[in-house]
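The values are calculated or read from the model by the stated rules, or taken from the named source; none is laboratory data. The model shown is predicted, which means the values in this text are computed figures rather than measured ones. Note: ideal-geometry Cβ built from the backbone for every residue, glycine included; neighbour counts use all protein chains shown.
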Amino acid sequence: MGKLLEKALKDALSDNKCVLGAKQVVQSIKNAKLVVISKSLSDSELEQIQKSTNDGKVSTLNFDGTSVALGKLCGLQFRVSAASLTSIADSNIKAILKEES
């Protein structure tokens, strides 16, 4: 789990530039720049998010952890199956994707 991803998620949450939850992410995909997906996501929800991100050409990151771990990474006390960041620099997206691969 990269420090860049953790910082980006916490900054987005504090600035209210982050959408949490699989259903909410699908609804707000047109505003997203980066979508983070946990391993706990069901196959149907994962397929729906991937289809939406491919249509809108949004970067996706398959988080190597459960929804509990993603929630903790966000600094929250509940599970987060998916998160979309709406305000993040392209250079930060590239750095996060490089760090996580």
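Return the residue satisfying two criteria in turn: it lies in region 1-28 and is under 11 Å from the mean Cα position of the chain (by Cα) and part of a helix (DSSP H, G or I), and of such residues it is surrounded by the fewest Cβ atoms within 10 Å (Cβ to Cβ).
Filtering region 1-28 down to residues under 11 Å from the mean Cα position of the chain (by Cα) leaves 5-6, 8-9, 12, 18-22, 25.
Next, only the ones that are part of a helix (DSSP H, G or I) stay: 5-6, 8-9, 12, 22, 25.
On the way: 5: 24, 6: 15, 8: 24, 9: 25, 12: 22, 22: 23, 25: 26.
This residue is 6.
Name the residue that is nearest to the chain's Cα centre (by Cα), counting only residues in region 73-98 that are among the hydroxyl-bearing types (Ser, Thr, Tyr), closer than 23 Å to residue 27 by Cβ and surrounded by fewer than 24 Cβ atoms within 10 Å (Cβ to Cβ).
Ranking the candidates gives 86 first.
Residues are listed down the side, and each one gets a yes or a no for (1) of a type outside the set (D, E, K, R); (2) under 16 Å from residue 89 (Cα atoms):
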| site | (1), (2) |
| --- | --- |
| 2 | yes, no |
| 7 | no, yes |
| 28 | yes, no |
| 33 | no, yes |
| 37 | yes, no |
| 41 | yes, no |
| 64 | no, no |
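May I ask you to list the residues in region 77-96 that are touching a residue at least 40 places away in the same chain (Cβ under 8 Å) and either of a type in the set (S, T, N, Q) or out of contact with any helix residue (DSSP H, G or I) (no Cβ under 7 Å at 6 or more places or on another chain) (or both)?
Matches in region 77-96: 81, 84, 86, 87, 90, 92, 93.
I'm checking my understanding of the structure. Among residues of region 41-57 that are in contact with a helix residue (DSSP H, G or I) (Cβ under 7 Å, 6 or more places away or on another chain) and modelled with pLDDT under 90, which one is surrounded by the fewest Cβ atoms within 10 Å (Cβ to Cβ)? So that I can check it myself, show each step before the final result.
Residues of region 41-57 that are in contact with a helix residue (DSSP H, G or I) (Cβ under 7 Å, 6 or more places away or on another chain), as a first pass: 41, 45, 48-49, 52-53, 56.
Still in the running and modelled with pLDDT under 90: 52-53, 56.
Numbers: 52: 20, 53: 20, 56: 13.
The selected residue is 56.
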